[in-house]
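Values quoted throughout were computed directly from the atomic coordinates according to the rules given, and no laboratory measurement underlies them. Every value quoted in this text rests on a predicted model; they were computed, and no experiment measured them. Cβ: placed from backbone, ideal geometry, glycine included. Neighbour counts: every protein chain shown.
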Protein chains: 4
Amino acid sequence: MSYNTFGHMFRVTTWGESHGPAIGCVIDGCPPRIPLDVGDIQPWLDRRRPGQSKFTTQRQEADQVEILSGVFEGQTTGTPISLLIRNTDQRSRDYGDIATRYRPGHADVAYDTKYGIRDYRGGGRSSARETAMRVAAGAVARKVLGAGVRIRGAMVQVGPHGIDRARLDWDLVNANPLFCPDAQALPVWEDYLADIRKKGSSIGAVIEVVAEGVPAGLGAPIYGKLDSDLAMALMSINAVKGVEIGEGFAAASLTGEENADPMRMEEGRLRFASNHAGGVLGGISTGQPLVARFAVKPTSSILTPVPSVTREGENVDVMTKGRHDPCVGIRAVPVGEAMMACVLADHLLRHRGQVGS
Amino acid sequence: MSYNTFGHMFRVTTWGESHGPAIGCVIDGCPPRIPLDVGDIQPWLDRRRPGQSKFTTQRQEADQVEILSGVFEGQTTGTPISLLIRNTDQRSRDYGDIATRYRPGHADVAYDTKYGIRDYRGGGRSSARETAMRVAAGAVARKVLGAGVRIRGAMVQVGPHGIDRARLDWDLVNANPLFCPDAQALPVWEDYLADIRKKGSSIGAVIEVVAEGVPAGLGAPIYGKLDSDLAMALMSINAVKGVEIGEGFAAASLTGEENADPMRMEEGRLRFASNHAGGVLGGISTGQPLVARFAVKPTSSILTPVPSVTREGENVDVMTKGRHDPCVGIRAVPVGEAMMACVLADHLLRHRGQVGS
Amino acid sequence: MSYNTFGHMFRVTTWGESHGPAIGCVIDGCPPRIPLDVGDIQPWLDRRRPGQSKFTTQRQEADQVEILSGVFEGQTTGTPISLLIRNTDQRSRDYGDIATRYRPGHADVAYDTKYGIRDYRGGGRSSARETAMRVAAGAVARKVLGAGVRIRGAMVQVGPHGIDRARLDWDLVNANPLFCPDAQALPVWEDYLADIRKKGSSIGAVIEVVAEGVPAGLGAPIYGKLDSDLAMALMSINAVKGVEIGEGFAAASLTGEENADPMRMEEGRLRFASNHAGGVLGGISTGQPLVARFAVKPTSSILTPVPSVTREGENVDVMTKGRHDPCVGIRAVPVGEAMMACVLADHLLRHRGQVGS
Amino acid sequence: MSYNTFGHMFRVTTWGESHGPAIGCVIDGCPPRIPLDVGDIQPWLDRRRPGQSKFTTQRQEADQVEILSGVFEGQTTGTPISLLIRNTDQRSRDYGDIATRYRPGHADVAYDTKYGIRDYRGGGRSSARETAMRVAAGAVARKVLGAGVRIRGAMVQVGPHGIDRARLDWDLVNANPLFCPDAQALPVWEDYLADIRKKGSSIGAVIEVVAEGVPAGLGAPIYGKLDSDLAMALMSINAVKGVEIGEGFAAASLTGEENADPMRMEEGRLRFASNHAGGVLGGISTGQPLVARFAVKPTSSILTPVPSVTREGENVDVMTKGRHDPCVGIRAVPVGEAMMACVLADHLLRHRGQVGS
């Protein structure tokens, strides 16, 4: 019943605040004898790192990860893996304002109501900085899953601008800072976001994550469903307001005939003619690609003043100063991939435990 | 790490198959000295009961609940509450077909791939019959929450037909078998569903659940978020493919200005001018109404034959015989309410544990 | 974080009160395709059943177990197994006394202080009647472990009378109602207990449980140790006040030389020359017999009046009326075996999950 | 289901190996607004620190703890508290021997059988170095419990030499390096241990831990018993082979009359005439002192060669070189106190969650 842990057999606990000395995580339950070194983790962190384009926050963090335990002579030992990242760009500034004024749409007021205290510097525990450790844990999860499972994410909508699925190009995703998979949408998004940024505004987004090569049989009925665990994992990412699997909300408008995924045996293997289900039936993977999407709200940090209150109960208007992040959805792409990797690694071990290989 | 349990302090474990002798649940962690008898639970079960209109399955179940433990002289004792419902309408029939043919879109093939065995009678464990126990547990959760918290659900979309929010009328919801809150939408839905039913087709739906009176401060950062627990709880309901909080997926198209929820002190209390957030910030309740929606896919049981395979790997076409459920979303309304009640009761106790009252 | 659940992957939740309508348990996480029917469980329950000799309580319970879910056509399905036993001998009597007077040494006062309410009939939830469900769950755990693992328990001390280990005879254990493994100790114990019973007194005991054939490698370092899980499981049995593994408390008086378990390879297999460790090193099984002992206190229900208080805070003297159990340690033998079986089944699945076969 | 976590609401996860760069822990669920700084933790670590007398290992570790998260402006925030200790005395040496030879009585062979890999330097994860983090977590737990709860431990037996309880003097405990509470036993123990040390032998011990001021009502029936959680916590300490509560194993030889704890109201409060129960009835605290004892085996690292095997399956004789610890029980005293503090803090929060204040 931890507030800062997820997973059951592949179990990740994160800790740390935006402007504390460091952030970190402990991964417990990782199988032994998996080759692992910093080089397996760092590239994924680099991909999430802030300050890499004008469309994300300008905070500069090297995000250099250290492995403090659980790995010996280049292999996991089965004991807990402790990962640490020192915070380096804790910009010296006056937090007097934020200490007493609640930023609308942020966790400020909720944390203070709950705990009666919070580390207000840079959002403290509620900062998206925590997601770096999700990405680090996700890198370890990918090693557990092995090369046969491929997990890829992309941004598929920015504000009103979606992609054309006929043009979906996974190779493009890592070649542009927006994780955009549609060559024609990309310049539209760039112009749109440049404008949002210039106005000091912000905009929401939709991210899609797909896992291919997922073995059939992962997940469990009722409260251990693969899709409900995935929903929890994705909804736990900062600013996420919706999660869907396969057809998702579109399924509400479909008839049973339209939503059917016919099955056939082909060359001795089960084949589905379509994947409206998104790779999961009754909470259990079918072997088809696992498809999830999640919606990220626009950040509340905008240059327009918004009515708010102070800790002492006075009315004020609050506007964001300093670093600005016009579309927090962008950096959620590697985070979404990491969460899917962790959920799958967890279910792989759980399945092996109950049913055997 | 149970597959059939949810919640942490208010903890519900369900068991039972569609055509076994009984279904049941065990509620552990319920506070003591809460008045509770069958009369607190039965009405909610009656509301979910099948066979009450032509739009839901014609299975006849009395769904009479028995309290087997945890209650003494009309009050909870703090020990586990065991609830039991005997199955009565296990219609005598030949399951030979279903035993070997996988119904497309059902959990059949996934269960069999995972476990190598399944109780195929009426869907076995994957049957929506399990949701009766969620409703029973939700009734107990409502007692834990007390009269100050009001949880209501409604169907807000059936296939292509949504409601007009300007006409939303909660009083109407319990006065029609479709849990429809819009008097003008109701006849449209009835005609539409009558047609779907006549054709032996099925259709999806969207359900909205709202909790009012939720104390501010419930939930926890990062992996104990109120909204991520809610996402898991709602996604675990049969046939659900998407979950959203507040603006949900619509937030992807909003700017920070449009999505802002301005705050003001009014008569010494914090007031929000809007509720795009759906009652939760940073995973913690704000005191505003908690608003969640979930999408239910059309049932795969339709009269049109769909290509499928048998257990032995032969191609067959499968169509549904017997009882038919044109819109499984309808009966998901009380289930969604129950899940929200359970999540809130759990977080109420968790909050009290860590922070005190 | 359940109060009434133990185990992680093989997970047992029990419920029910001494004088409620029934007691039961739910076993979650059991592997699929294990042959199981009532005949696998009932004999173990019969062994624990009260009223089988003059040395245990005279309550008459048939303890007929029903399987309500999780088994289909004689095999487990991987879904939760619900077991139920109806209470039959809820002797009609006046509980007025016990309702307001706390029996010294019983849980009465502690429960009432904690919850402010309790089902006082026959001890309610704190009754040893709950252990019937442990035995039932243990029967299922034995099936998970398979025939290669043999778990046996015996009483090795009654009051001041221990056994001579040179005479330890496992075959004798099931041939006498005291689970005594020493033919010379048996008549001594019988006379001693007859005297205790006649005086309306009670006496403590020590039980030993041994598992042979336990695969090496079960357990985990630090907080998932096989022996610490076993300690918790055995200490949770009613009236248990101490648990030890291998040499246990005797190890405090040994030197390193005396306590050493030398190892040698013999015919390609690792052999230990002794088993002071009791089959576990660093929390992980070595393949040697797993040896645990636990101490059971004398029941507090004696015919001698003991000073006590009422619920209302008046001084009273309390003595036991009616059924009397001179040595509750006797019936703890099958319960201890069952707990060891459950812990081992849990660790077998956990090990398989993390490490593979 | 973590292997390296204990507790439910006050939840401690430890990580790190003896000769890795650092060890650490994450404490999750700590209530907010508790004053906490390094000065609250360091003194307890200093008390456990090695190298403080000739009777414990000569490893030199400053054990300087850093607080990396969860504390802001001198108060806990309710978010995870990350504590870190850098290892400094990783003596440069050749581990070639230990890498391939299993030390008898150590976890070496068990770890290798389980995981197929282990960090053999200084015992790796199975080193008692991990217990430093238990002590650190215990220091935080003490702050949660508040000044009203006093937890003290002492060594009460060294090899064959026990204490005379009539002379038990708590003030003496912290005034001698053996945590001995008996002024007459102290010189006997010193001579005895000096001799054990000179011979390169080792000896076992019994430690007693007592908590006074524990509120009545902590714990829960059946599988959430205060004493079973305590048994697990104490048995999880390195080298512990037995745990007992109150009379413990001695209760096996007592009659119900001898073991009774009579109750009386005195000045409006419940008083017990004795405490054979050790402060817990039916798994729930009574308000009396909570009394636990645990037995620590002699360390297997002795100068006498003991038959063993290598990783490759060759017979060898193994004897300890270098640092030597004649009685590992000594340093277990602060660890036992810490584990009791953590278990009590956890149950305090759990009780508050379910029952309220």
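Within the same chain, aspartates and glutamates fewer than 8 places from A:K225 are excluded, and of the rest, those with a Cα less than 16 Å from its Cα are A:E244, A:D346, B:D108, B:D112, B:E130, B:D229, C:D28.
Average partner chain C-beta neighbours within 10 Å, per residue of B:212-221? Numbers along the way, then the final one.
On the way: counts 0, 0, 0, 2, 5, 7, 3, 4, 11, 18.
So the per-residue partner count for this stretch is 5.
Remark: A:T79, A:T100 ranked as A:T100, A:T79, counting other beta-carbon atoms within 10 Å and listing the fewest first.
Shown for A:C327, D:C25: other C-beta atoms within 10 Å of each C-beta, ranked fewest to most, produce the order A:C327, D:C25. Inter-copy label distances at A:A183, shortest first and taken from points set 7 Å along Cα to Cβ: 5.8, 9.1, 9.2 nm. Relative to the longest principal axis of the Cα atoms of chain A, the long axis of helix A:329-355 makes an angle of roughly 40 degrees. Charge tally around A:G256: other residues with Cβ under 13 Å, Lys/Arg +1 each, Asp/Glu -1 each, net -1. Shown for D:A147: label points 7 Å from Cα along the beta-carbon vector, and their distances to the equivalent points in the other copies, 4.3, 6.4, 6.7 nm in ascending order.
Given a cut-off of under 8 Å on Cα pairs at least six residues apart, what relative contact order in percent is computed for chain D?
After rounding, I find 22 percent.
For the stretch B:78-216, the square roots a ≥ b ≥ c of the C-alpha gyration tensor eigenvalues yield an a/c of 1.5 or more together with a/b not exceeding b/c, which makes the shape oblate. The magnitude of the dipole of the stretch A:250-357, with charges of +1 and -1 set on the Cβ of Lys/Arg and Asp/Glu and taken from the Cα centre, is near 320 debye.
All Cα-Cα distances of the stretch C:239-333, cut into 5 Å bins from zero to the largest, leave 2, 11, 13, 13, 12, 10, 8, 7, 7, 7, 4, 3, 2, 1, 0 percent in each bin in turn. Distances between copies at B:G200, taken between label points 7 Å from Cα along the C-beta direction, are 6.4, 7.7, 8.8 nm in increasing order. For B:K321, the lysines whose Cα falls under 22 Å of its own Cα, not counting residues fewer than eight places away in the same chain, are B:K54, B:K198, B:K199, B:K297.
Look at where the Cα atoms of the stretch B:120-138 and of the stretch D:1-67 average out, and the two centres are 46 Å apart. Counts of other chain beta carbons within 10 angstrom of each beta carbon in peptide A:277-289 average 5.
Normalised by the number of residues in the stretch A:95-196, what is the relative contact order in percent for Cα pairs under 8 Å and 6+ residues apart?
Numbers: 65 pairs, mean separation 15.7, N = 102.
After rounding, I find 15 percent.
Distance between the 7 Å Cα→Cβ label points at C:Q64 and C:R86: 0.7 nm.
If the only charges are +1 at each Lys and Arg Cβ and -1 at each Asp and Glu Cβ, what is the size of the charge dipole of the protein assembly as shown around the Cα centre, to the nearest 20 debye? Don't skip to the answer; put the middle values down first.
On the way: 160 positive and 160 negative charges, 0 e Å.
Result for the protein assembly as shown is approximately 0 debye, rounded to the nearest 20.
In terms of the mean number of neighbouring beta-carbon atoms within 10 Å, the peptides A:176-188, D:183-195, C:286-298, B:119-131 order highest first as C:286-298, B:119-131, A:176-188, D:183-195. Of the residues C:V206, C:G123, C:G74, the one whose Cα sits farthest towards the positive end of the charge dipole of the stretch C:54-206 is C:G123 (charges of +1 on Lys and Arg Cβ, -1 on Asp and Glu Cβ, taken about the Cα centre).
Residues D:I163, C:I222, arranged from fewest to most other Cβ atoms within 10 angstrom of their Cβ, appear as D:I163, C:I222. Centroid-to-centroid, using Cα positions, the stretch B:266-334 and the stretch B:197-250 are 7 Å apart. For B:G287, the residues whose modelled amide H falls within less than 5 Å of its own, excluding neighbours fewer than 5 places apart on the same chain, are B:A216, B:G217. Taking Cα atoms, how many degrees apart are the long axis of helix A:131-145 and the longest axis of chain A, rounded to 10 and kept between 0 and 90? Roughly 10 degrees, rounded to the nearest 10.
If you average over every viewing direction, what projected area does the convex hull of the Cα atoms of the stretch B:139-292 give, in nm²?
Values: hull surface 45.2 nm².
Taking the Cα atoms of the stretch B:139-292, their convex hull projects to 11.3 nm² on average.
Only helices enter this figure: runs of n ≥ 4 DSSP H residues, each worth -39500 (n - 2.57), summed and divided by the residues of chain A, yield -8500 deg cm²/dmol at 222 nm to the nearest 500.
May I ask for the Rg/Rh ratio of chain A, computed from Cα atoms with Rh as the Kirkwood radius, given to two decimals?
Numbers: Rg = 21.0 Å, Rh = 21.5 Å.
Rg/Rh for chain A comes to 0.98.
Looking down the axis that turns chain A into chain C, the chain A residue with its beta carbon nearest that axis, and the gap rounded to whole angstrom, comes out as A:G353, 1.
Sorted by average packing, counted as other Cβ atoms within 10 angstrom per residue and highest first, what order do A:314-320, A:30-36 take? Before the final figure, lay out the partial values.
Values: A:314-320: 16.3, A:30-36: 18.9.
Descending mean neighbour count gives A:30-36, A:314-320.
Shielding of peptide B:159-166 by partners, expressed as the average count of other chain Cβ atoms within 10 Å per residue Cβ, is 1.
Taking 30 Å as R0, compute the FRET efficiency from the Cβ-Cβ separation of D:N176 and D:D37 and round it to 0.05. Computed FRET efficiency for D:N176 and D:D37 comes out at 0.55. Across the stretch C:14-164, the mean sequence separation of Cα contacts (distance under 8 Å, 6 or more residues apart), normalised by length, yields a relative contact order of 32 percent.
Computed from the C-beta positions of A:V188 and B:D97, the FRET efficiency with R₀ = 45 Å rounds to 0.30.
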